[in-house]
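J.: One structure is given below, represented as structure tokens, and several questions about it will come after.
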Amino acid sequence: MARKRSGDHGILDYVLILAGAFIMGFSIKNIFTPLGMVTGGVSGIAIILKAKCGIELWVTNTLLNIPLFLASYRIRGWKFIKRTLAATFGLSLSLYVIPEIPFLMDDLLLTAVFGGVLNGVGAGLVFVNQATTGGTDMLASLLQRKLKQYSLVQIMQVLDAVIVVAGATVFGIKFAMYALIAIFVMSKVSDGIIEGLKFSKAAFIISEKSDEIAQAILRELNRGATGLHATGMYSGKSRNVILCVVAKKEIIQLKELVVGHDSQAFVIVCDVREVLGEGFIEFKQ
């Protein structure tokens, strides 16, 4: 069962947000920056400015986000920005306190992949707890209020693409291409964390012993089951199709349970990206 949250004040949520921000800070400061891999966002701008002007990463990250937070607070209110404020503070703090320990300097591909994995883990922890690290995410949210014909994702892609191109002009196209690999890895890892924490399985069970199987599911798995009225188009018979959603680790037990009651049962198993409700992820108030 998913852990319970107490409104917007879950302490664990903020601990995970800060942990994610520090993981991102480490990858930005010690993996991407030494090799000039600009992966978009305010952190990408910070990498460029450090190379060209010597401005510290945390200074750029803080100064560029201040006007964005002020504008967001004025337009969207405190509820919209408070978690993102924690994440942005954590990222700036990490860029300030984490010592510079550059490594993987001789292998661009390993740098891109490993940096992408680390950044993806950090971003995933931030995103899954309903926050971002500010920057282009927040700017895109503000611009989308004026550019309603474009989606938030489209605006973010354009903003990040401009920053990546700017990085290519400073560090060269070779590093920009490796940065694209890092961006791809980061997106896959962060998506995996977000979806992995919510991933479930749905089973449609067609059986002559549907009532017996449904009772076994309720009793042995402690999961709910819903009977859907259906008619076999070949046989013309009416019967109940059992719909049951379980955690991915429970799907083997569910299949064994069904076969134990009816070896002729027809079972369809589907991936479910997110389930809200009792026993899974609870609705936020």
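Each reported figure results from applying straightforward, stated rules to the coordinates on display, with no laboratory input. Every value quoted in this text rests on a predicted model; they were computed, and no experiment measured them. A quick note on method: Cβ atoms are made from the backbone with ideal geometry, for glycine too, and the neighbour counts reach across all protein chains shown.
J.: Report the extension gain between Val158 and Gln253 in nm, rounded to one decimal, defined as 0.36 nm multiplied by the number of residues separating them, less their alpha carbon distance.
T.: That works out to 29.6 nm of additional length.
J.: Right, another one. Once fully extended, how much extra length lies between Leu110 and Val59, figured as 0.36 nm per residue of separation less the alpha-carbon to alpha-carbon distance?
T.: Once the chain is fully extended between Leu110 and Val59, it gains 15.5 nm.
J.: How would you rank 86-92, 227-233, highest first, on the average number of other Cβ atoms within 10 Å across their residues?
T.: The packing order, highest mean first, is 86-92, 227-233.
J.: Oh, and also: Using a 10 Å cut-off on Cβ atoms, rank the peptides 156-163, 40-47, 126-133, 174-181 from the highest mean neighbour count down.
T.: Top of the packing list down: 40-47, 126-133, 174-181, 156-163.
J.: If you don't mind, there's one more thing I want to ask. Positive end of the dipole of the chain, charges at C-beta (+1 Lys, Arg; -1 Asp, Glu), about the Cα centre: which of Cys53, Ile17, Val121 has its Cα farthest in that direction?
T.: In the chain, that residue is Cys53.
J.: Continuing with the same structure: Considering the zone a paramagnetic label at Leu142 would reach in this model (a point 7 Å from Cα along the Cα-to-Cβ line), which residues of the range 68-89 have amide N under 11 Å from it?
T.: Within reach of a label on Leu142, which here means backbone N under 11 Å from a point 7 Å along Cα→Cβ, the range 68-89 contributes 68-76.
J.: Taking the Cβ-Cβ separation of Lys82 and Gln215 as r and a Förster radius of 51 Å, what is the calculated FRET efficiency to the nearest 0.05?
T.: It comes out at approximately 0.65.
J.: Cβ under 14 Å from Gly40's Cβ, Gly40 left aside: what net charge do those residues give with Lys, Arg +1 and Asp, Glu -1?
T.: Taking every Cβ under 14 Å from that of Gly40, the sum is -2.
J.: Oh, and also: Specify the longest stretch of the chain that does not include any exposed loop site, a site being one of the GluC sites (Glu not before Pro) with a non-H, G, I, E, B DSSP assignment and at most 11 other Cβ atoms within 10 Å.
T.: Longest gap between qualifying sites, sites excluded: 101-277.
J.: Can you give the helix-only mean residue ellipticity at 222 nm for the chain, where every DSSP H stretch with n ≥ 4 adds -39500 (n - 2.57) and the sum goes over all residues, rounded to the nearest 500 deg cm²/dmol?
T.: The per-residue figure over the chain is -19000 deg cm²/dmol.
J.: Another question, then. Applying 1/(1 + (r/R0)^6) with R0 = 45 Å to the Cβ-Cβ distance of Arg273 and Val170, what FRET efficiency is obtained, to the nearest 0.05?
T.: Working from the Cβ atoms, E equals 0.70.
J.: Dipole of the range 58-195, Cα-centred, from +1 at each Lys and Arg C-beta and -1 at each Asp and Glu C-beta, to the nearest 20 debye?
T.: So the magnitude is around 840 debye.
J.: Roughly how far apart, in whole Å, are the Cα centres of the range 18-91 and the range 153-177?
T.: Each part reduced to its Cα centre gives a spacing of 16 Å.
J.: Tell me which chymotrypsin sites (Phe, Trp or Tyr not before Pro) from the range 38-83 have a DSSP coil assignment and no more than 10 other beta carbons within 10 Å of their own.
T.: none
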